[in-house]
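Structure first, commentary second.
The values are calculated or read from the model by the stated rules, or taken from the named source; none is laboratory data. Keep in mind the model is a prediction, meaning the values are calculated, not measured. Cβ sites come from the backbone with ideal geometry, for glycine too, and all protein chains shown count toward neighbours. The area values use the complete protein model at the heavy-atom level, side chains included, leaving out ligands, DNA and RNA. Shrake-Rupley method; radii C 1.70, N 1.55, O 1.52, S 1.80 Å.
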Amino acid sequence: LTQEEMNAIVSEAHAWKRKVAAHCHGDLAAKMAIAAGVDSIEHGSFLKDDTLLEMKKKHVYLVATLFAGEWVGEHADVFPPVIAAKARAAAAQAQQMFQRAVKIGVPLALGTDAAVEPHGMNAHEFALMAKNGLGAAQVLMAGTANGADLLGIADRTGTLTVGKSADIVAVPGNALADVHATEHPLFVMKEGTI
């Protein structure tokens, strides 16, 4: 897409009160998307620091999907050798980019590329975010309040607050002490229904 096309797409979506997520691995595509006014960058594997700084300045969320990269990197042997090498390099680069994003203070929301990795393993994203420099409380916020903010529904969900939907997940132990606890939900309530 040209910059003008991206600008028009984002402008029209926002006029309809819709959020815009840009699926970008490369830095140039992300720069164009940010200039157009997107709400989030999905993946962002090869983002440079100046792009991350612009995301922080404009409050553009990064949804890094680290688990997708890790999964593809660990299972790259199913690809031809040249693609396998590229997959492993991209997975490593994505984690390095995320570490820089954390240091810079880019807004972060948790998301996965579920179906790249098997469904049901999505909560492993919490552990990968923690492994790559995000504190446990911030990891949990990325998956709750920040995600709700990004989606424009923070007035209805994302935190345990009077008047909001009763959306609750209970896990064994203390997820602040061990974010892997998020991978073992014991109880799920959505809008007050168990």
Given the condition open to solvent by 30 Å² or more (accessible area, probe 1.4 Å), hydroxyl-bearing (Ser, Thr, Tyr), farther than 20 Å from GLN95 by Cβ and more than 16 Å from the chain's Cα centre (by Cα), answer yes or no: does some residue in the stretch 162-175 qualify? yes
Counting only helices (runs of 4 or more DSSP H) wholly inside the stretch 1-89, the ones holding at least 2 residues that are β-branched (Val, Ile, Thr) are 3-15
For the stretch 126-145, give me each residue that is farther than 11 Å from LEU66 by Cα, within 15 Å of the chain's Cα centre (by Cα) and open to solvent by 40 Å² or more (accessible area, probe 1.4 Å). GLY133, GLN138, LEU140, MET141, THR144
Complete set of residues in the stretch 105-120 that are farther than 23 Å from LEU186 by Cβ, in contact with a helix residue (DSSP H, G or I) (Cβ under 8 Å, 6 or more places away or on another chain) and open to solvent by 30 Å² or more (accessible area, probe 1.4 Å): GLY105, ASP113, VAL116
Which of the numbered conditions does LEU150 fail, given that it passes all the others? Conditions: (1) hydrophobic (A, V, I, L, M, F, W, C); (2) surrounded by 12 or more Cβ atoms within 10 Å (Cβ to Cβ); (3) over 20 Å from the mean Cα position of the chain (by Cα). (3)
Which condition breaks for ARG88 when tested against (1) under 15 Å from the mean Cα position of the chain (by Cα); (2) farther than 15 Å from GLY44 by Cα? (1)
Would you confirm whether any residue within the stretch 101-112 is of a type in the set (Val, Ile, Thr), assigned to a helix (DSSP H, G or I) and more than 21 Å from HIS25 (Cα to Cα)? no
Number of positions in the stretch 27-69 that are open to solvent by 20 Å² or more (accessible area, probe 1.4 Å) and at pLDDT below 95: 1
When (1) more than 26 Å from LEU28 (Cα to Cα); (2) open to solvent by 40 Å² or more (accessible area, probe 1.4 Å) are applied to ALA123, the one that fails is (2)
